[in-house]
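Visitor: One structure follows; several queries about it will come next.
The values are calculated or read from the model by the stated rules, or taken from the named source; none is laboratory data. Note that the structure is predicted; figures quoted are calculated from it, not measured. We place every Cβ from the backbone using ideal geometry, glycine too, and count neighbours over all the protein chains shown. Only protein heavy atoms, including side chains, enter the accessible area calculation; ligands, DNA and RNA are left aside. Shrake-Rupley method; radii C 1.70, N 1.55, O 1.52, S 1.80 Å.
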Amino acid sequence: GAIAVAVILVTVSEFGPAGWVLIGVVLGLAGLLLKRILEESVAAEELNKILAMEQIVSSDVGLSDAFRRIEALAHRLVDWRTFTIFRLQNGQLSLVWSHDGGVDGRGALPAGATERLRRDALGSGQPVIVADAPHDPRLDAPPTDVESIAVIPLRFGDHNVGLLELAHHKRNAYSLKEVGL
């Protein structure tokens with residue numbers, strides 16, 4: 001900021017209006033570049049945290065402690081109200097971890113509301129994102145306090161090993177960036 005102010009002052013005192021425009025464009029582009037660099041460095045730091053968490057999870061920590069740590073990291077990276085992990089074994093999904101961050105049961109998904117979404121995610125191996133849950137035809141029982149849902153397949157190599165399901169009380173809460181995280 002100080003360098004930019006100094007450049008602007010020198011430009012105003014030494015150059016004419018044509019020089020002001022040229023320096024303004026250069027400073028604007030430099031600002032956009034700096035913004036991009038800062039965003040990438042923050043994203044790289046978050047990925048480092050994810051890798052560190054992966055090492056902790058794969059060490060000799062108990063499964064419930066590992067899930068608590070994953071949940072805490074997920075809450076730092078992506079906003080959610082309901083966080084659920086399912087395990088896929090012999091073609092059947094079984095609940096292994098669930099946390100409802102809603103108040104007084106608000107934000108919880110009704111039982112079976114996302115069955116079709118889970119089948120689609122497991123069948124395609126791709127995340128299924130619902131931006132407007134009350135109006136989405138794929139939901140059998142549309143929730144009242146949930147607006148966005150992300151159902152993400154957990155994969156080991158080419159095989160599905162489970163699902164991660166996130167729900168949020170705001171519309172369009174999950175984009176491809178959040179799914180990637």
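Visitor: About the Cα centre, and with charges only on the beta carbon of Lys, Arg (+1) and Asp, Glu (-1), how big is the dipole of the chain? Nearest 20 debye, please.
Guide: Details: 17 positive and 22 negative charges, 23 e Å.
Once rounded to the nearest 20, the dipole reads 120 debye.
Visitor: How much accessible surface area, in Å² rounded to 10, belongs to the heavy atoms of PHE15 with a 1.4 Å probe?
Guide: 120 Å²
Visitor: Also, I was wondering about something else. Just to be sure I understand: with springs between alpha-carbon atoms less than 10 Å apart, which residue in ASN48, ASN160, ASN90 has the highest mean-square fluctuation in the Gaussian network model of the chain?
Guide: Highest fluctuation among the options: ASN90.
Visitor: What accessible area per residue, rounded to a whole number of Å², is obtained for the chain using a probe radius of 1.4 Å?
Guide: Numbers: 11470 Å² over 181 residues.
The answer is 63 Å² per residue.
Visitor: Something else about it: If the elastic network links every pair of Cα atoms under 10 Å, which of LYS49, LYS35, LYS170 fluctuates the most in the Gaussian network model of the chain?
Guide: LYS35
Visitor: Springs between alpha-carbon atoms under 10 Å, Gaussian network over the chain: tell me which of VAL26, VAL151, VAL78 tops the mean-square fluctuations.
Guide: VAL26
Visitor: Further, regarding this structure: Taking 8 Å as the Cα distance limit and 6 or more residues as the minimum spacing, I'd like the relative contact order of the chain as a percentage.
Guide: Values: 242 pairs, mean separation 31.7, N = 181.
That works out to 18 percent.
Visitor: Related question: With a 1.4 Å probe and all protein chains in place, put TRP80, TRP20 in order of accessible area, largest first. Don't jump to the answer; show the numbers that get you there.
Guide: Working: TRP80 20, TRP20 115 Å².
Listed by decreasing accessible area, they come as TRP20, TRP80.
Visitor: Whenever you get a sec, line up ILE70, ILE85 from highest to lowest accessible area (probe 1.4 Å, protein heavy atoms).
Guide: Working: ILE70 55, ILE85 15 Å².
Most to least solvent-accessible, the answer reads ILE70, ILE85.
Visitor: Averaged over all directions, how much area does the convex hull of the C-alpha atoms of the chain cover when projected, in nm²?
Guide: 15.4 nm²
Visitor: Let me ask another. Can you send over the carbon and sulfur percentage of the accessible area for the chain, probe radius 1.4 Å, protein chains only?
Guide: Answer for the chain: carbon and sulfur cover 60 percent of the accessible area.
Visitor: Mind pulling the angle between the C-alpha long axis of helix 63-77 and the longest principal axis of the chain? Nearest 10 degrees, somewhere in 0 to 90.
Guide: Roughly 40 degrees, rounded to the nearest 10.
Visitor: Throw me the Rg/Rh for the range 1-99, computed over C-alpha atoms with Kirkwood Rh, two decimals. Can you show the working numbers first?
Guide: Details: Rg = 24.5 Å, Rh = 18.0 Å.
Taking Rg over the Kirkwood Rh, I get 1.36.
Visitor: Heavy atoms of the protein only, probe of 1.4 Å, neighbouring chains included. What is the accessible area of HIS99 in Å², nearest 10?
Guide: Near enough 70 Å² of accessible area.
Visitor: For the chain, build the charge dipole from Cβ charges (+1 Lys, Arg; -1 Asp, Glu) around the Cα centre, then report which of HIS75, VAL96, ALA18 sits farthest towards its positive end.
Guide: ALA18
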